[in-house]
Amino acid sequence: MGEKLHEIRLTVNGVPRETRVPGRRLLSDCLRHDLGLTGTHVGCEHGVCGCCTVLLDGEPVRSCLTFAVTVDGREITTVEGLREPDGSLSPVQRAFSESHALQCGFCTPGFLCTVTALLRDNPAPSDDEVVEGISGNLCRCTGYQNIVKAVHRASELMGEAEGRS
Amino acid sequence: MTTKLFGEPVQRREDLRLITGEGRYLDDLGKDALAAAFVRSPHAHARIRGIDVSGALEVDGLVAVYTWEDLPEGVRDPLPLLIPHPALTHGRTAYPLARDVVRHVGEPVVMVVARDRYLAEDAAALIEVDYEFLKPVVGIEEAVQGVHLVHEDVPGNVGAHLVQEVPSPGGAGAREAVDAAPHVLAFRLDIERSASTPLEGRGVYARWDADDRSLRVYSSTQTSTSVRMAVAAKLGLPLPSVEVIAPDVGGGFGVKIVHPWPEEVLVPWAAMLLGREVKWAEDRREHFISSAHERAQVQHVRVGFDDEGRVLGLDVTILHDHGAYTPYGIIVPIITATQLLGPYRIGAYRVEFSSIYTNTVQVTPYRGAGRPQGVFCMERTMDRIAAHLGLDRTAVRAANFIQPGEFPYDQGLIFQDGRPLIYDSGDYPKSLSMLKELIGWDAFPQAKERAAAEGRRLGIGLACYVEGTGVGPYEGGHVQVTSDGRVHVSTGLTSQGQGHETVFAQIAATELGVPLDRVSVVTGDTRRFGYAVGTFASRAAVMSGNAIALAARKVRDKALRIAAEALEADPRDLEIEDGVVRVAGDPEASISLATVAVLSNPLRYAFDEEAKRATQFAGPASMDRPPVEAGEEPGLEGRDYYSPVRSTFASGMHAAIVETDPDTAEIRILRYAVVHDCGRLINPMIVEGQIHGGVAQGVGGALYERMVYDGHGQLLNASFMDFLMPYATEIPFVETAHLETPSPLNPLGVKGAGEAGVIPVSAVIAAAVEDAEGITVDRMPISPSELYELRRATAP
Ligand code: FES
Ligand code: FES
């Protein structure tokens, strides 16, 4: 007897996708193993590290704490979908690289998604707001200093792009 | 400019794939592989009476279940003891699946293979193991009583006992020297367990090719070459039929140097047996209870000193908790015992350690590898001396420093590489003055007083360390220029985020005179480079960096020889810039490295336009000499190795200002300053990143992280909910300054930088808290509730 499968439709990085999953399938596993989007990582599978963060209808969620069936019909952005429409790197991606905000890169997709939403809601955050904004994501490599720097840098790059000073 | 790449803050070349989701970590591979899961012991110490797997057989998608009984010879044997040592008289390692007895919670007992991970875990949950409980041994001091034993045949639970002693210049033993000193102090220090805790756990994925009887293994490891040798030996395969690849690895910090893990033997074995791809990716709880921890020690110190605070005799006895098994030998306590001496010349030194079995997860190196404990010991000692004599803490340190003119300085001990502990270079007085300047040491008392007037408690602390880096035996590098002008560099050691692809490319590009974007680097892939040791002990830049430089120099010499012939010039008049060999001062006379690569390989068959130049009728050639001369090889490539006589010693000093809350005992780090000397910097941006990350792990160890075992040997905080790894909110901004005293031991003059950041942090924070509170701090980590208790205990 196999498990009962549920048909779900998702829009992932702008592309409509259909798949069949058991009720208990985590969204993280669905994205990684069913849809082949392995950029989303799992570091704990209990909601603490933030490696698995994706944007669900634009808001950061932990895909390891989300059953895939519960997001049927919703829109998801993963790290693979963060590039600009023209294929160039987003300001957040560029800033992370420029600021050496990653080492092993395992936590990075979660940070990139988190920061993308953070700067959309608050384009020029203060130091405290940045630290607060990333305080749900663990990184074992960088000590966070360059991640904080990268968030400010991304804000700057976005400002330049929009002609803000 | 191609020649200035060494020393520049070049952007990392690994970033693009990692910020776009195109990295390839272990669990990103093998989409259709079967999944393995393990039944692990829920008990710290028990005898296995029986295993009933029948429940699992109901699970749809189950492929196989294995217990120790099912394993063939070789696979079923105990895992290797990687680093034997004469003092490790009672080394013990685990079986890949428990045989008869389990010795810690998390020890693997049954392996399940199924269609996917969910089903494998379903099946594992339905397997019943019948255990007879044995008394668990938890905590070093309970263990040394020897009342209950972790291994029946290891009396007193003592795995190893080692004494090293360096007499004073006058020939006095350390105990004698302590007793004869004008001042004597004796005290005890306690250090808790923590762990590497990379965000990616361990993992193994194996493919058996039944047609050509070869095995490919991917492992999230710090040593693919050594995993390869271990797997080939265990499975009885010829070495050339096994290849091991470390893909992108999500952090290591020491834990992934251990090998072969049970899973690294069992997963490839199952893949061979089943003729199917098999993968296992560790989950977070498994990582906590089944990999490795570090740090726990109890230290007893006796120190004798004069009125200036000069240490005349130091006598340290260490109890080191190594958990249930000793696969990595006694490297950690040896490092503690030797690196404890730091930047100091000590009158007479005696260190004795006992390495003790307990029914807990095994202990193997975690970034710093015994040094944080050694530095904690020495620096707490320096602070006690200063307090006893009423001297400034920096003055006591300065009184004991080895002076810049005294290098090479022989500490008289044997280091972790089996070689003498001889410091190659450094400038400790300069480091200290830079640190005092950076943190504002001399002005701090006024700041402290001002704060006190407002009811705030501030404290300042510092700590110094010396780190033996770049241990041997060797690493190698291979550099090849292909006929398209690209440069392919490979080395056998592995990467876990240190930026090796970037720094090794900088080295090769600088040596060869080519643009950086023409260089590509591969690490940790035995298909490309089969001889290597691994990534640990801050050795990658020193070992592989120098090997790659030497290999590149060979290539450069060969390129100049070939170009000289083609240009009819003297090789000594040639230079390479931007991938073009030219005669200095004659811009017309030049030839690209791509063309030199073509010419380096005499051809019979032309495969493209460029290749025609190397064919047999293409041009004039000496008819008296063979196309490939004796001693030459076709191709523009070179291979070389770097094998140092001994380690090179990096050093540094940290200082911090903390504030403690008078009511809640919360500890906040207000400032954190680092002076760091790792010789010549290859890429300052990357070195700073290593320091930041190391300090963050140090702060975790100083204030938050500990492994909480109860008396039954249950790890009570085996999750990120309960093990308090710091977030951005806990980590201070780190201010850094660099000193560069080149190492005379290697051609690049570099020293290791990977571990440095973590080493002195606990000592620094303890010193600063002590200064703020006026209470002696003799343990790490220190939590607010512990500080609160300390206040109560010492209240008048
Ligand atoms: S994997 Fe989802 S929060 Fe850690
Ligand atoms: S870069 Fe490795 S965990 Fe953040």
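A short reminder: the numbers here are calculations on the coordinates, not readings from a lab. None of these values were measured; they are calculated from a predicted model. Don't worry about glycine lacking a Cβ; one is built from the backbone with ideal geometry, like all the others, and counts go over all protein chains shown.
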In chain B, once you exclude exposed chymotrypsin sites (Phe, Trp or Tyr not before Pro) (DSSP loop, at most 12 other Cβ within 10 angstrom), what's the longest stretch remaining? B:1-604
Charge-dipole axis of region B:218-305 as Lys and Arg at +1 and Asp and Glu at -1 on Cβ define it, positive-most pick from B:PRO262, B:PRO247, B:LEU274: B:PRO262
With only alpha-carbon pairs counted, each pair once and no self-pairs, how large is the Kirkwood hydrodynamic radius of region B:114-201 in angstroms? 19.4
Residues of type lysines that B:LYS558 reaches as a straight line, Cα spacing below 26 Å, ignoring anything fewer than 8 places off in the same chain: B:LYS4, B:LYS612
What's the FRET efficiency of B:ASP179 with B:ALA387 using the Cβ-Cβ distance as r and R₀ = 25 Å, to the nearest 0.05? 0.70
What is the mean projected area of the alpha carbon convex hull for region A:5-81, to one decimal in square nanometres? 4.2
Please order B:ILE385, B:ILE331 by the number of other Cβ within 10 Å, starting at the fewest. B:ILE331, B:ILE385
Kirkwood Rh for chain A from C-alpha pairs, in Å, is 16.3
Could you tell me, in Å, what Rg and Dmax come out for the Cα atoms of chain B? 28.4, 98
For region B:458-519, go through all pairs of different Cα atoms, get the mean of 1/r, take its inverse, and jot down that Kirkwood value in Å. 14.5
Dipole magnitude (debye, nearest 20) for chain B, charges at Cβ of Lys, Arg, Asp, Glu: 660
Less than 15 Å Cβ to Cβ from A:CYS104, Lys/Arg counted +1 and Asp/Glu -1: what total charge do the surrounding residues give? 0
Within region B:419-473, list the GluC sites (Glu not before Pro) lying in a DSSP loop whose Cβ has at most 12 other Cβ atoms in a 10 Å radius. B:GLU454
Relative contact order of region B:472-642: what whole-number percent is it, with Cα pairs under 8 angstrom and at least 6 residues apart? 30
Relative contact order, percent, region B:706-796 [alpha-carbon distance under 8 Å, six or more residues apart]: 14
Just for the Cα atoms in region B:304-436, what are the lengths along the principal axes, largest first, rounded to whole Å? 44, 32, 27
To the nearest 20 debye, region A:91-164 has a Cα-centred charge dipole, built from +1 on Lys and Arg Cβ and -1 on Asp and Glu Cβ, of 280
Is there a simple number for the mean count of other chain Cβ atoms within 10 Å of the Cβ of residues in B:689-701, and what is it? 4
I'd like to verify something in chain B: which complete DSSP H helices, judged by Cα projection on the helix axis, reach 24 Å or more and average at least 0.0 on the Kyte-Doolittle scale? B:540-567
What is the antiparallel percent of DSSP beta bridges lying wholly in region B:653-772, to the nearest 5? 65
Could you give the Stokes-Einstein D for region B:472-642 in µm² per second, using the C-alpha Kirkwood radius, 37 °C, 0.692 mPa s? 197
Enumerate the amide H contacts of B:ASN601 below 5 Å, restricted to partners 5 or more residues apart or on another chain; note that Pro and chain-start residues carry no placed amide H. B:GLY635
Counted charge near B:ARG486, where neighbours are those whose Cβ lies closer than 15 Å (Asp, Glu -1; Lys, Arg +1): -4
Can you tell me the mean projection area, over all orientations, of the convex hull of the protein assembly as shown's alpha carbons? Units nm², please. 44.1
Go ahead and run the numbers for FRET between B:ARG17 and B:LEU670, Cβ-Cβ distance against an R0 of 45 Å, rounding to 0.05. 0.75
Can you put B:MET685, B:MET721, B:MET378 in order, fewest other beta carbons within 10 Å first? B:MET721, B:MET685, B:MET378
Report the trypsin sites (Lys or Arg not before Pro) located in region B:592-662 that are in a DSSP loop and have at most 13 other Cβ atoms inside 10 Å of their Cβ, or state none. B:ARG604
Which lysines does B:LYS430 reach when only Cα atoms under 26 Å apart count, and residues fewer than 8 places away in its own chain are ignored? B:LYS448, B:LYS751
Per q in 0.22, 0.26, 0.27 Å⁻¹, report the Debye log10 I(q)/I(0) for region B:21-82, using one uniform scatterer on each alpha carbon and no solvent. -1.17, -1.24, -1.26
Selection from A:GLY47, A:VAL21, A:GLY143 lying farthest towards where the dipole of chain A points positive, charges on Cβ: A:VAL21
With the 8 Å Cα cutoff and a minimum separation of six or more residues, chain B has a relative contact order in percent of 15
Under 28 Å from the Cα of B:LYS279, which lysines turn up, not counting those fewer than eight places away in the same chain? A:LYS4, B:LYS31, B:LYS234, B:LYS256
